[in-house]
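The structure appears right after this line, and notes come after that.
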Amino acid sequence: MPIRILIVDDSPLVRRGIRGCIQNNTDWEICGEADDGQSAVEMVSRLKPDLVILDLSMPIMNGLDAARTISRISPETHMVMFTMLDCNDLLKSSAEAVGIRHIFSKTHGFSDQVLDKIRSLVAAA
């Protein structure tokens, strides 16, 4: 059974880029996309993805608030964050506190390193 992934970012271009990388892996399946944190929470409760890739800065509900709610309603769902901001210690500790397993920088692209980290997170489940 493929790993089900929800992509959450307010940029259609970023979502399309992530989708393109993920679609090359036959063990993964995109189960949905959302453009804000509130929609992500609603989709997680309905779709029960194995992994959510969350943007930090989004309208309506940001990634940290969405992650906090997702952790509560679907504790088995893994979450990673994809952001334009520098991954400083405060952001890392805030993200970890709400259940985010890893933070990736959008400025470094969705490289094989990022895909490998996602593979290892899902495999450890």
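What follows is calculated from the coordinates using simple rules that are stated; it is not laboratory data. Every value quoted in this text rests on a predicted model; they were computed, and no experiment measured them. So basically every Cβ, Gly included, is an ideal-geometry build from the backbone, and we count neighbours across all protein chains shown.
Here are the numbers for the structure shown:
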quantity: Within straight-line cross-link reach of Lys106, lysines at Cα separation under 21 Å, skipping those fewer than 8 residues along the same chain; calculated: Lys92, Lys117
quantity: Angstrom value of the Kirkwood radius, inverse mean 1/r, which spans all Cα pairs in the chain; calculated: 14.1 Å
quantity: Where a label projected 7 Å from the Cα of Asp10 along Cα→Cβ would reach, residues of segment 51-85 with amide N under 11 Å; calculated: 56-63
